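The values are calculated or read from the model by the stated rules, or taken from the named source; none is laboratory data. What you see is a predicted model; the values in this text were computed from it and never measured. For neighbour counting, all protein chains shown are included, and Cβ atoms are generated from backbone atoms with ideal geometry for every residue, glycine included. Remember, those area values only see protein heavy atoms, side chains included, never the ligands or the DNA or RNA. Shrake-Rupley method; radii C 1.70, N 1.55, O 1.52, S 1.80 Å.
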Amino acid sequence: MIETDILIIGAGPTGLFTVFEAGLLKLKCHIIDALPQPGGQLAELYPKKPIFDIPGYPEVLAGDLVTNLMEQIKQFQPGFTLGETAETIDKLEDGTFIVTTKEGTKHKAKAIAIAGGLGTFEPRKPLLKDIEFYEKEDRGVDYFVKDPEKYRGKNIVIAGGGDSALDWSIFLSNVAKSVTLVHRRNEFRGALDSVEKVQALKSEDKIKLITPAEVVGFKGDERIESIDIEVNGARMNVEADYFIPLFGLTPKLGPIANWGLEIEKNAIKVNNALDYQTNIEGIYAIGDVNIYPGKLKLILCGFHEATLMCQSVYNKLNPGKRYVLKYTTVSGVDGFDGTRKEAEKAVVKAID
């Protein structure tokens, strides 16, 4: 069983920044996320899109913000359970919690911070006959690329027209035996440099591009052997070991909705006058997943909520112990890994 001080559900920017604020208070964190990598929407949906309202950054790419947050929290050595969905929660007599994922991984924590953004993200699945059969037991349909090495030497068909489809087509062109990118339009909605790279790889015969077209079926008894594609009313068949449809993600509150929390407009009600705690003591909700009067769904608001939430957890775990707030420019930052960050001290020297 994984044990921690604060169990954070959601590895988006708010969840990641929580690790930093908790670390300043010597509180250990572990993060659960249904996605296979940290970053939430920023990493999965628009890593190359600029964000303009992060303080101190006139402009920062979403993916770069995630990279910076991961670097910022590295000192505090957070644990991660990725690619798993938090399924059930049990509150013990001593006030601690046991959270079990759908995959059976158990976590014990003194406090829970739900930072799930808009909820768990489920892939938008194409409506294709027998797709449920091929989703199971590595029979050929994947909605996330968790381990690119899995596709080494394989024939891959990717469907989609956004950043994820473009970026994975580019990456896997150096791993897979063949990569075929299928999109129902000729135009792609992605970063210009990615579109240009795909065009170049197509010219080099490293990517086969089929547009406008749609995947309409599969062939294979025990697993995918080939894929049927409809192009301008005609059908063609492409040899394939894996089909990766990347049509974006649908946010849902998921199993958390059954945890006895007070829900309003598909979000979790919290006490914003104090510490963003829910109706269950010890469970907090921060970031886009919560709701309260005047709520703004902005990353910077999530950072603020995470900071106050961590102070509340510290006070609950250390009753009677007064925490003296110090600016990091004065106190420095001591990591759990033994590293220390501090401002350069002024040199006192007389002038002759």
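ASP64 meets each of the listed conditions (1) charged (D, E, K, R); (2) over 24 Å from LEU317 (Cβ atoms); (3) part of a loop (DSSP other than H, G, I, E, B) apart from (3). Within segment 285-296, identify whether any single residue is farther than 20 Å from ALA86 by Cα, surrounded by fewer than 18 Cβ atoms within 10 Å (Cβ to Cβ) and touching a residue at least 40 places away in the same chain (Cβ under 8 Å), and answer yes or no. Within segment 285-296, none of the residues are farther than 20 Å from ALA86 by Cα, surrounded by fewer than 18 Cβ atoms within 10 Å (Cβ to Cβ) and touching a residue at least 40 places away in the same chain (Cβ under 8 Å).
Per the listing GLY140, GLY190, GLY116, GLY160, the residue uniquely more than 28 Å from GLU84 (Cβ to Cβ) and open to solvent by less than 80 Å² (accessible area, probe 1.4 Å) is GLY190.
Within segment 273-284, restricting attention to residues that are on the phi < 0 side of the Ramachandran plot, out of contact with any Asp or Glu (no Cβ under 8 Å at 6 or more places or on another chain) and not hydrophobic (A, V, I, L, M, F, W, C), which residue is least open to solvent (accessible area, probe 1.4 Å)?
Only one residue tops the list, namely ASP275.
Where residues in segment 163-183 are aliphatic (A, V, I, L, M) and without any contact (Cβ under 8 Å) to a residue 40 or more places away in the chain, which of them is surrounded by the fewest Cβ atoms within 10 Å (Cβ to Cβ)? If we take residues in segment 163-183 being aliphatic (A, V, I, L, M) and without any contact (Cβ under 8 Å) to a residue 40 or more places away in the chain, then VAL175 is surrounded by the fewest Cβ atoms within 10 Å (Cβ to Cβ).
Residues of segment 203-214 that are open to solvent by 20 Å² or more (accessible area, probe 1.4 Å) and not in a loop (DSSP other than H, G, I, E, B): SER203, LYS208, LEU209, GLU214. Quick one: how many residues across segment 119-136 are modelled with pLDDT of 90 or more and either on the phi > 0 side of the Ramachandran plot or open to solvent by less than 100 Å² (accessible area, probe 1.4 Å) (or both)? Within segment 119-136, residues that are modelled with pLDDT of 90 or more and either on the phi > 0 side of the Ramachandran plot or open to solvent by less than 100 Å² (accessible area, probe 1.4 Å) (or both) number 7. A residue that is in contact with a Ser or Thr (Cβ under 6 Å, 6 or more places away or on another chain) and touching a residue at least 12 places away in the same chain (Cβ under 8 Å) cannot be found anywhere in segment 132-145.
Residues of segment 223-257 that are under 28 Å from GLY294 (Cβ atoms) and open to solvent by 60 Å² or more (accessible area, probe 1.4 Å): LYS252 alone. For GLU44, are the conditions met, namely being closer than 21 Å to PHE303 by Cβ and either of a type in the set (A, V, I, L, M) or at pLDDT 95 or above (or both)? Criteria not met by GLU44. Can you name every residue in segment 1-27 that is in contact with a Lys or Arg (Cβ under 8 Å, 6 or more places away or on another chain), open to solvent by 10 Å² or more (accessible area, probe 1.4 Å) and β-branched (Val, Ile, Thr)? Passing the criteria: ILE2, THR4.
Looking across GLY95, GLY79, one residue alone is closer than 17 Å to GLN37 by Cα and either touching a residue at least 24 places away in the same chain (Cβ under 8 Å) or surrounded by 14 or more Cβ atoms within 10 Å (Cβ to Cβ) (or both). It is GLY79.
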